[in-house]
Amino acid sequence: MTDTQAPQTSVAAILQRESKPVTVFTLSWCSYCHAVKSLLDSMRVPYRTIELDTGMYLDTHLHQRMRAELRQLSGSQTLPQVFVGHDNIGGYTETQAAARAGRLQTLLAAKGVAIATP
């Protein structure tokens, strides 16, 4: 579920656009990125994907700026990074744990999204 609108040049700008309740920052080749998208798909969570190694994000300066902003917001250097609105859930492991504990469902319910359990 890749976002089809024009790409934004900052994480804050992307999160500001509430086209879908969940935003997943990924790399196209990353197995954990694929796993988190599979988890969200299995739960039927509407999300948008921002792949930081494709399109305009291939520009070294933009890519580095986006990664630095993600590090600042998440406290992590790894991808994927999953956000519900402006709330950072974390990577695959944290997202899976949040789903198992019901935290993900609670955050989504606050956005008006009912989902299937994993």
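No value in this document is a laboratory result; all are computed from the given coordinates. It should be emphasised that the depicted structure is a prediction, and the values quoted were computed from it without experimental measurement. Here Cβ is always computed from backbone atoms with ideal geometry, including for glycine, and neighbour counts include all displayed protein chains.
A few points about this structure:
- Taking 0.36 nm per residue of separation and subtracting the Cα-Cα distance, full extension of the segment from residue 69 to residue 16 would add 17.7 nm.
- Each of 89, 75, 25 was placed along the dipole of the chain (beta-carbon charges, centred on the mean Cα), and the one lying farthest toward the positive end is 89.
- In a reduced charge model with +1 at each Lys and Arg Cβ and -1 at each Asp and Glu Cβ, the chain shows a dipole moment near 240 debye about its Cα centre.
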